[in-house]
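The values are calculated or read from the model by the stated rules, or taken from the named source; none is laboratory data. Predicted model, so just to flag it, every value in this text is computed and none were measured. Positions of Cβ are backbone-derived with ideal geometry, glycine not excepted, and every protein chain shown enters the neighbour counts. Only protein heavy atoms, including side chains, enter the accessible area calculation; ligands, DNA and RNA are left aside. Shrake-Rupley method; radii C 1.70, N 1.55, O 1.52, S 1.80 Å.
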Amino acid sequence: MTEFERAQNVLPGGVNSPVRAFRAVGRDPLFIARGKGGLIFDTAGREYIDYVMSWGPLIFGHAKEEIVSAVTEAAKGGLTFGAPTVRETELAEEIRFAAPYMERVRLVNSGTEATMSAVRLARGYTGRDKLIKFAGNYHGHSDGLLVRAGSGCMTGAVPDSLGVPASYAGDTLVAAYNDLAGVEALFAANAGKVACVIVEPVAANMGVVPPKAGFLQGLRALCDKNGALLIFDEVITGFRVAYGGAAQLYGVTPDLGCFGKVVGGGMPLAAYGGRKEIMELVAPLGGVYQAGTLSGNPVATAAGLAQLRLLRERRGTLYPALDAAGARLEAAFAAAGVPVGRVGSILTPFFAPAAPENAAEAAACDTRAFAVYFGAMLDMGVYVAPSQFEAMFVSAAHTEAHLAATEAAAAHAVASARKR
Ligand code: HOZ
């Protein structure tokens with residue numbers, strides 16, 4: 001029995017998160033034994049240059065020494081207390097230093113919790129029920145946000161999950177990404193009822209789709225005009241597309257922000273926060289309830305703090321270097337005739353005539369060509385996400401040799417996809 005067969009006997013689909021299952025690319029998933037720097041090693045002893053990087057958290061690559069030792073030291077002191085620790089305050093201060101609009105921060109365990117809680121807070125603050133989201137944006141798997149969702153939902157063609165009550169989904173209004181007129185029309189048709197607009201400021205769950213010039217500024221203006229809150233889901237983009245996330249990169253300040261992935265340094269940790277007067281509605285100060293036994297966990301905060309401190313120290317050189325590495329891979333795909341969506345170190349080669357601007361255009365990509373490309377990359381020792389609708393994550397641990405090998409593999413894999 002293979003490892004995957006054994007897993008399927010006890011785990012639905014053999015995995016604990018659908019995007020890992022490789023179903024869209026017609027292969028069995030790798031079982032990972034360990035990772036170091038830019039590489040992962042599977043249980044058969046094969047080595048791969050890794051651009052999944054746990055779907056984003058590992059901006060310094062696998063098993064970064066400073067982070068591993070911070071985690072080890074923290075673990076020796078106790079795994080969880082369910083009581084305040086100083087590291088929670090320090091981590092929140094690090095987040096606020098990078099994203100000053102995060103005047104007050106609440107730590108949670110996952111991006112799903114962060115976005116779910118931010119939406120609840122927006123509803124509590126405004127006294128309104130409806131929200132506007134964008135087709136192809138993915139904000140985790142809470143009920144009201146699993147509507148026209150990206151990531152695994154788009155890959156598996158289940159954008160609207162079973163089990164979501166119609167009454168929940170009915171309060172979720174969906175616009176096309178990069179379409180301000182569509183958002184304006186939803187506000188007009190639901191006057192006085194919209195609590196918030198939640199958006200991935202760089203869409204990265206339908207492949208990487210950057211915001212068009214003026215899109216985020218336009219959302220800010222529409223929210224202000226209509227008395228709604230603007231929520232940036234910076235789970236992927238936070239500390240990634242710039243030290244201060246997409247808010248810094250595009251110069252747009254949301255009312256609330258959601259962070260995950262990089263802020264946890266590879267451990268289960270996320271955060272939401274924003275303006276003090278809004279956050280003071282969160283319990284115990286206010287009536288919006290949200291809680292968690294493991295929230296602000298001492299081992300997770302140690303990992304996040306170690307990573308964010310390294311980012312603060314190195315931000316002057318690190319982000320330009322990541323951008324240059326991303327640009328280099330973009331150029332390799334472009335030279336092979338494949339358009340790319342990219343912002344800094346996140347990118348997606350699209351098997352389409354042009355890089356998409358919204359979910360409908362992304363969905364029209366040639367996913368069978370992508371599957372051939374994926375298999376060829378894997379066979380040449382390069383591990384990318386097993387879906388057209390995800391991002392490649394370049395890390396600081398990807399070396400010159402890794403990038404050169406990836407450029408060569410990309411040219412060959414694209415050619416194979418074309419030949420099929
Ligand atoms: N949200 C990530 C995909 N874009 C990975 C988490 C998952 O769905 O497993």
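Can you find a residue that is open to solvent by less than 40 Å² (accessible area, probe 1.4 Å), of a type in the set (Gly, Ala, Ser), within 16 Å of the ligand (Cβ to nearest atom) and more than 23 Å from ALA92 (Cβ to Cβ) anywhere in the range 188-206? Talk me through it step by step, then tell me what you get.
Start the filter on the range 188-206 by keeping residues that are open to solvent by less than 40 Å² (accessible area, probe 1.4 Å), which leaves 190, 194-206.
Next cut, of a type in the set (Gly, Ala, Ser) only: 195, 203-204.
After this cut, where a residue has to be within 16 Å of the ligand (Cβ to nearest atom) as well, the list is 203-204.
With more than 23 Å from ALA92 (Cβ to Cβ) added as a condition, the list becomes 203-204.
Yes; the residues of the range 188-206 include at least one that is open to solvent by less than 40 Å² (accessible area, probe 1.4 Å), of a type in the set (Gly, Ala, Ser), within 16 Å of the ligand (Cβ to nearest atom) and more than 23 Å from ALA92 (Cβ to Cβ).
With respect to LEU162, is the statement that it is away from the ligand (no atom under 16 Å from the Cβ), among the aliphatic types (A, V, I, L, M) and open to solvent by less than 20 Å² (accessible area, probe 1.4 Å) true?
Values: away from the ligand (no atom under 16 Å from the Cβ): yes; among the aliphatic types (A, V, I, L, M): yes; open to solvent by less than 20 Å² (accessible area, probe 1.4 Å): no.
For LEU162, the condition - away from the ligand (no atom under 16 Å from the Cβ), among the aliphatic types (A, V, I, L, M) and open to solvent by less than 20 Å² (accessible area, probe 1.4 Å) - is not met.
Suppose the filter is open to solvent by 20 Å² or more (accessible area, probe 1.4 Å), assigned to a loop (DSSP other than H, G, I, E, B) and closer than 17 Å to ARG418 by Cβ; does ALA352 pass it?
yes
Output the number of residues of the range 126-144 satisfying the condition of being more than 12 Å from the ligand (Cβ to nearest atom), under 26 Å from ARG275 (Cα atoms) and under 17 Å from the mean Cα position of the chain (by Cα).
3
Using the structure shown, decide if ALA213 is modelled with pLDDT of 95 or more and open to solvent by 10 Å² or more (accessible area, probe 1.4 Å). Walk me through it before giving the result.
Values: modelled with pLDDT of 95 or more: yes; open to solvent by 10 Å² or more (accessible area, probe 1.4 Å): yes.
Yes; evaluated as a whole, the condition is true for this residue.
Of all residues being of a type outside the set (D, E, K, R) and outside any helix (DSSP H, G or I) in the range 9-27, which is least open to solvent (accessible area, probe 1.4 Å)? Just the residue, please. Break it down into steps so the answer makes sense when it comes.
At the first step, the residues of the range 9-27 found to be of a type outside the set (D, E, K, R) are 9-19, 21-22, 24-26.
With outside any helix (DSSP H, G or I) added as a condition, the list becomes 9-11, 15-17, 22, 26.
Values: ASN9: 119, VAL10: 113, LEU11: 53, VAL15: 25, ASN16: 118, SER17: 41, PHE22: 4, GLY26: 72 Å².
Only one residue tops the list, namely PHE22.
Is it the case that GLY375 is in contact (Cβ under 8 Å) with a residue 60 or more places away in the chain, within 18 Å of the chain's Cα centre (by Cα) and either away from the ligand (no atom under 16 Å from the Cβ) or not in a loop (DSSP other than H, G, I, E, B) (or both)?
On the way: in contact (Cβ under 8 Å) with a residue 60 or more places away in the chain: yes; within 18 Å of the chain's Cα centre (by Cα): no; either away from the ligand (no atom under 16 Å from the Cβ) or not in a loop (DSSP other than H, G, I, E, B) (or both): yes.
When the stated conditions are applied, GLY375 does not pass them.
Kindly indicate whether any position in the range 222-245 is within 16 Å of the ligand (Cβ to nearest atom), in a helix (DSSP H, G or I), crowded, with 24+ Cβ neighbours inside 10 Å and among the hydrophobic types (A, V, I, L, M, F, W, C).
So far as the range 222-245 goes, no, none of its residues is within 16 Å of the ligand (Cβ to nearest atom), in a helix (DSSP H, G or I), crowded, with 24+ Cβ neighbours inside 10 Å and among the hydrophobic types (A, V, I, L, M, F, W, C).
Run down ALA149, ALA169 and say which single residue is closer than 30 Å to GLY13 by Cα, within 16 Å of the ligand (Cβ to nearest atom) and buried (at least 17 other Cβ atoms within 10 Å of the Cβ). Full working, then the answer.
Values: ALA169 fails: within 16 Å of the ligand (Cβ to nearest atom).
Within the list ALA149, ALA169, the selection yields ALA149.
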